[in-house]
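Quick notes on the structure that follows.
The values are calculated or read from the model by the stated rules, or taken from the named source; none is laboratory data. Just so it is clear, the model here is predicted, and its values are computed rather than measured. Here the Cβ positions follow ideal geometry from the backbone for every residue, glycine too, while neighbour counts run over all protein chains shown.
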Amino acid sequence: MEQEHPLVRDVFPELISELMALLEDEGERELSICAWDLRLFGECGCGDDFCQSIRTSDHPQGQPYGAGHRCVPLSPSTGMLILDVVDHRIVYVEVLQRPTMRRQDLKS
Ligand SMILES: [Zn+2]
């Protein structure tokens, strides 16, 4: 059986509720629904202490996203949240200059 990537809402529940609310505010209803099912593929790994970005797809880092790509900047009360969307899929969540995200322990 293939190892599943954890749901982001299980690991960072506060991030997902915030993302969904902000997407609703932007009129991005479809993406808001997608956010609920996002899976955590990994962390950005750049090592910058202001960056807590997460990868939500298996898109190789550093590779161009191609034609179907758009950026969706949100307006959180602190820091920056920017989504990378490719063909209506959220592939990357930029989390910048934000308070440290509390990580939920996964029980499996
Ligand atoms: Zn980073």
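Assorted remarks:
- Among the conditions (1) more than 15 Å from the chain's Cα centre (by Cα); (2) within 16 Å of the ligand (Cβ to nearest atom), Gly27 misses just one, which is (2).
- A Cβ distance below 6 Å, combined with a sequence gap of six or more or placement on separate chains, defines the contacts here; from segment 13-33, residues that are free of Cβ contacts under 8 Å to residues at least 12 places away in the same chain reach residues that are crowded, with 17+ Cβ neighbours inside 10 Å and not β-branched (Val, Ile, Thr) in the pairs Glu24/Ser32.
- Taken as a whole, the structure leaves Thr56 outside the set of residues that are over 11 Å from the mean Cα position of the chain (by Cα) and of a type in the set (Val, Ile, Thr).
- With respect to the stated conditions, Gln97 is at pLDDT 95 or above, among the polar types (S, T, N, Q) and over 10 Å from the mean Cα position of the chain (by Cα).
- All told, Thr78 meets the bar of being of a type in the set (S, T, N, Q) and loosely packed, with under 11 Cβ neighbours inside 10 Å.
- Looking only at segment 31-62, and only at residues there that are more than 15 Å from the ligand (Cβ to nearest atom) and among the aliphatic types (A, V, I, L, M), the one that is surrounded by the fewest Cβ atoms within 10 Å (Cβ to Cβ): Ile33
- Subset of segment 28-64 [at pLDDT below 95, at negative phi, out of contact with any Phe, Trp or Tyr (no Cβ under 8 Å at 6 or more places or on another chain) and not acidic (Asp, Glu)]: Cys44, Cys46, Pro60, Gln61, Gln63, Pro64
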